[in-house]
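Worksheet for the structure shown next.
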Amino acid sequence: MPAETFEFQVEARQLLQLMIHSIYSNKDVFLRELVSNASDALDKLRLAALRDDSLDADVSDLHIELEADPDARTLTVRDNGIGMSYDEVGQLIGTIANSGTAEFLRELRKAQDDAGAEGLIGQFGVGFYSGFMVADEVTLLTRRAGEAKGTRWTSRGEGTYTLEEADDAPQGTSVTLHLKPADPENQLHDYTSEWKIREVVKRYSDFITWPVRLVGRPDGEDGEPAGPETLNSMKALWARSRDEVSEDEYHELYKHISHDWREPLETVPLQAEGTFEYQALLFVPSHAPQDLFTQDFKRGLQLYVKRVFIMDDCEALLPPYLRFVKGVVDAQDLSLNVSREILQQDRHIRMMQRRLTKKVLSSVKSMMAGDTERYTTFWREFGAVLKEGLITDSDNRDALLAVSSFATTHGEDGTTTLAQYVERMRDGQEEIYYITGESRQSIDNSPHMEAFRDRGIEVLLLTDPVDEVWVDAVGEFEGKRLQSIAKGEIDLGAQGDEKSESEREQQAEEFAELLGWVKEQLAEDVKEVRLSTRLTVSPACVVADAHDMTPALENMYRAMGQEVPRTKRILELNPGHGLVKGLNQAYKEREDRSGLTETAELLHTLAVLAEGGRPADPAGFVKAVADRLERTL
Ligand code: ADP
């Protein structure tokens, strides 16, 4: 087959341009990326060989080799791992599939200016392409384990690459960088220099569990070629005690396994001894990934068995509501052949999951107690996910509630825990009040808040979609019921309402007929019309029955593709408002009430709008209001 030339995918081209023109000073990260790819390839081959006896592959001495040639100015990173087939090279190397890289490009577009871009490149591994920061041509020679023919990939990074079959390729992959001319001013960047290579590997790749060897070194003193030197310690960080490992080392491991370029927010080591022994090293990232709430979000930890890498994204080790946690678990007594199905049912794995969950929650708790700024970041990024646990994990519900915080009307821009809320509750208040909605703004100005604001009663402001659900699941806290202020009848009577019983009765009588009539007029939209105790300023609001779904919850189910019948709601009128009083008056005085029907409809639409809802017939509403405004001129 003759050599073929292909074009890079658009995004890949953009990335390459950045790499080639990068003036970023910390180019060292390219070596970390190539070594990391090689290490993954070795992991994959070992596992494939364990699972398939018939695989024709040599796994006797899996390792990574670095070979520098100062005269030719090349550096080669070689592994004898899984390798790639011809088609795989095209797919994997010619396109950008890694979601981390895609996110990097998005960040880059945001940062725009060159300074921002440089900073990002430095912190972020962009994989294989980062080789183009230091090389003006890259050759990759690879052969997939078990296959006879190899593939050679070559590119100068300028829009195209060539692929050809190679008969002479050894198993695995070697990447040869044709380095840019040396900068005589800056010896620090000569990647053919032995000490430089040694330093970079030590700094970024020390924990890699395969030997990274430096080969082709100049002859030893006695004229004999010196044997290869292993540069990394290969010590599994999770097996070492915390005080033996530096933060930097932890962070490098985090970057290696998470493909995140930022530092983690929290590092959580755990060593479990006893009959079922394992070590874990977990990380809480500092940012929520964009796809955290999508169906195909890859969750889970890396699973090792006695230092042998078994799988990525092992879901069974943590519950879905901790899906943002990254890390490694290394178990002593599992079969190397475990499958995902077996893991889901394994009793030890379930125990592990329980222990790891508690460990993560307790580390959040100590963040909360010790470092409030970090806790605030944590909650901002992951609070909405963690709250899913309030619904699904009743065993840990108390622990979860203890580390949950919510926006509240108390204090400026305040947040509170439920415990703090309860502590502040006034005499006579029996319930924890909350309101749910799609945004802070819509609920801040919601008519449901009026009486509460007036009387200074604290209300929790819940705006995550999951809030609708957990409040029902949890029901109460320390014996105090969680009560939506937009549901059921609210009786603030004992809490400073001045109206007497007889005054209320009188009012009820006065409006009784109007209420009945409005209900008839709006029969399609509301199931009941009553006088409100929660309004002070607005003429009307709509509320739900205690066990009805709120509109936000209905929308959420619809967004998930589920059919939900429309729940009719209750219209509450403010008997103290001029418009409602006037309507009552007109209703009593007029024979022909046809003109009043529209007023009743407008009143209902205003109530829907005020809580951030949408009128059923926006154009009709606009026309009616415009006509009326015209008449006032
Ligand atoms: P990433 O490693 O972040 O996925 P890269 O651009 O570095 O992105 O690599 C893309 C893909 O190419 C890898 O996911 C892997 O499947 C494949 N690959 C890269 N290097 C090697 C290698 N040395 N051996 C086998 N496959 C490799």
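The values are calculated or read from the model by the stated rules, or taken from the named source; none is laboratory data. It should be emphasised that the depicted structure is a prediction, and the values quoted were computed from it without experimental measurement. Note: ideal-geometry Cβ built from the backbone for every residue, glycine included; neighbour counts use all protein chains shown. Accessible surface is based on the protein model in full, side chains and every heavy atom, while ligands, DNA and RNA are left aside. Shrake-Rupley method; radii C 1.70, N 1.55, O 1.52, S 1.80 Å.
Between the amide H of I310 and those of L303, Y304, V305, distances stay under 5 Å, these residues lying 5 or more places away or on another chain, with hydrogens modeled in the peptide plane.
Classify segment 464-556 as rounded, prolate or oblate, taking a ≥ b ≥ c as the square roots of the eigenvalues of its Cα gyration tensor: rounded when a/c is under 1.5, otherwise prolate if a/b is larger than b/c and oblate if not. Since a/c reaches 1.5 but b/c is at least a/b, the shape of segment 464-556 is classed as oblate.
Loop-resident GluC sites (Glu not before Pro) (DSSP state other than H, G, I, E or B) in segment 237-317 with no more than 13 further Cβ atoms inside 10 Å of their Cβ: E273, E277. Using heavy atoms of the protein chains and a probe of 1.4 Å, the accessible area assigned to S60 is about 100 Å². With all protein chains in place and ligands, DNA and RNA left out, the 1.4 Å accessible area ranks H348, H448 as H348, H448, largest first. Per-residue Karplus couplings for segment 300-315, computed as 6.51 cos²θ - 1.76 cosθ + 1.60 with θ equal to phi - 60°, are listed in order as x, 9, 7, 10, 10, 10, 6, 6, 8, 5, 10, 7, 8, 6, 7, 6 Hz, Gly and Pro entered as x.
When the GluC sites (Glu not before Pro) in segment 162-214 are filtered for DSSP coil states and for at most 13 other beta-carbon atoms within 10 Å of their beta-carbon, the remaining sites are E185. The accessible area of K359, taken with all protein chains in place and a 1.4 Å probe, comes to roughly 70 Å². Can you pick out the pairs among K487/K527; K527/K581; K27/K196 whose Cα atoms lie more than 18 Å from each other? Violating the 18 Å Cα-Cα cut-off are K527/K581.
Entry comment: accessible area of the chain is 49 Å² per residue, from protein heavy atoms only and a probe of 1.4 Å. Compared with the alpha-carbon gap, the fully stretched path from S339 to T230 is longer by 35.9 nm at 0.36 nm per residue.
The largest accessible area among K487, K480 belongs to the first residue in K480, K487, and the rest follow in falling order (1.4 Å probe, all chains).
One decimal place: the segment A624-A148 gains 163.5 nm when fully extended, by the rule 0.36 nm per residue minus the C-alpha distance. Please give every one of the aspartates and glutamates within straight-line cross-link reach of K623, meaning a C-alpha to C-alpha distance under 19 Å, and leave out same-chain neighbours fewer than 8 residues apart. The reachable aspartates and glutamates, counting only those whose Cα sits under 19 Å from K623, are E598, E601.
Legend: residue pairs K306/K387; K235/K358; K110/K359; K110/K358, Cα-Cα distance threshold 32 Å; pairs beyond threshold, K306/K387; K110/K359; K110/K358. What the phi angles of segment 427-437 give under the Karplus curve with 6.51, -1.76 and 1.60, with θ = phi - 60°, is a coupling list of 4, x, 7, 9, 10, 8, 8, 9, 9, 10, x Hz, glycine and proline written as x. For the residues I485, I20, a 1.4 Å probe over the protein chains yields an accessible-area ranking, largest first, of I20, I485. In this label model, A72 and R593 are separated by 9.6 nm, measuring between points 7 Å along each Cα→Cβ vector. Our coupling estimate for segment 467-474, obtained by passing each phi through the Karplus curve with A = 6.51, B = -1.76, C = 1.60 and θ = phi - 60°, is 4, 4, 8, 5, 4, 5, 5, 7 Hz, Gly and Pro reported as x.
Is the chain rounded, prolate or oblate when judged by the Cα gyration tensor, a ≥ b ≥ c being the square roots of its eigenvalues, rounded requiring a/c under 1.5 and prolate requiring a/b larger than b/c? In terms of gyration-tensor shape, prolate.
Using heavy atoms of the protein chains and a probe of 1.4 Å, the accessible area assigned to D79 is about 20 Å².
Convex hull volume of the Cα atoms of segment 481-633, normalised per residue: 138 Å³.
Magnitude of the charge dipole for the chain, about its Cα centre and with charges confined to Cβ atoms of Lys, Arg (+1) and Asp, Glu (-1), is about 780 debye. Under the rule a/c < 1.5 gives rounded, and otherwise a/b versus b/c splits prolate from oblate, where does segment 4-74 land using the Cα gyration tensor? Prolate is the answer for segment 4-74, as a/c is 1.5 or above and a/b outweighs b/c. Percent of accessible area on the chain owned by carbon and sulfur, 1.4 Å probe? In the chain, the share of accessible area belonging to carbon and sulfur is 47 percent. Expressed as an acute angle from 0 to 90° and rounded to the nearest 10, what is the orientation of the C-alpha long axis of helix 618-632 relative to the principal long axis of the chain? With rounding to tens, the tilt is 50 degrees. Projecting the Cα atoms of L322, T376, I310 onto the charge dipole of segment 307-384 (Cβ charges, centred on the Cα centre) puts T376 farthest toward the positive pole. Across segment 237-374, counting alpha-carbon atoms alone, Rg and Dmax equal 14.5, 43 Å. From its DSSP helices (H runs of at least four residues, each -39,500 (n - 2.57)), the chain gives a residue-normalised ellipticity at 222 nm of -11500 deg cm²/dmol. Close amide-amide hydrogen proximity is noted between F477 and L482, each under 5 Å apart and 5 or more residues distant or on a separate chain (H modeled in the peptide plane; Pro and chain starts excluded).
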